[in-house]
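A short write-up of the structure that comes next.
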Amino acid sequence: MFTHYVAGFAFSKDASKVVLIRKNRPKWQAGLLNAVGGHVEEGETPLWAMGREYQEETGVCNALEDWTLFATLEGGTKEEGYMVNFYYSTEPSHLIVNTMTDEKVDVYYKGCWDTDEMMHNLPWLIEAARDCILNPKQKVFLKVDQWSMPS
């Protein structure tokens with residue numbers, strides 16, 4: 001079975017602040033910071049799933065808009081794999097968050113987090129999104145797949 005996920009970073013306009021979630025599940029992510037996101041449900045687009053997941057986890061009412069795709073990560077096998085679409089937003093209202101589940105959501109300032117508390121790929125994903133925001137004329141889109149990465 002192939003599983004599709006979305007994950008999003010809501011930034012301040014100057015990209016100095018970002019919203020992250022402290023994960024309780026899955027077990028291998030427990031206690032670590034990650035982007036807000038989740039599964040793409042049957043019949044919805046990844047963009048719609050991004051807005052829905054953000055709204056469900058942060059309580060932001062207008063979260064269905066203003067997301068930009070900047071990276072895709074694929075892994076596993078082609079039969080039993082996964083895909084994650086990564087988005088960013090600089091919509092100011094996306095920074096006014098509340099924790100709506102048992103996973104704490106908060107705003108973090110650049111440089112004020114411990115990378116040991118993050119998913120291993122989070123620092124470079126945050127920086128890639130920040131680069132898109134801070135250099136809007138430079139188009140950046142990352143596609144990483146486990147099947148073609150060197151071992």
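Read the figures in this text as sums done on the coordinates, not as results from a lab. All figures in this text were calculated on a predicted structure; none of them were measured in a lab. Positions of Cβ are backbone-derived with ideal geometry, glycine not excepted, and every protein chain shown enters the neighbour counts.
Worth a mention:
- For the chain, a simple Cβ point-charge model (Lys and Arg +1, Asp and Glu -1, everything else neutral) yields a dipole of about 420 debye relative to the Cα centre.
- With the alpha-carbon atoms of the chain aligned to their principal axes, the span from lowest to highest coordinate is 39, 35, 33 Å, starting with the largest.
- Straightening the chain between W48 and W124 buys 24.9 nm, computed as 0.36 nm per residue apart minus the Cα-Cα spacing.
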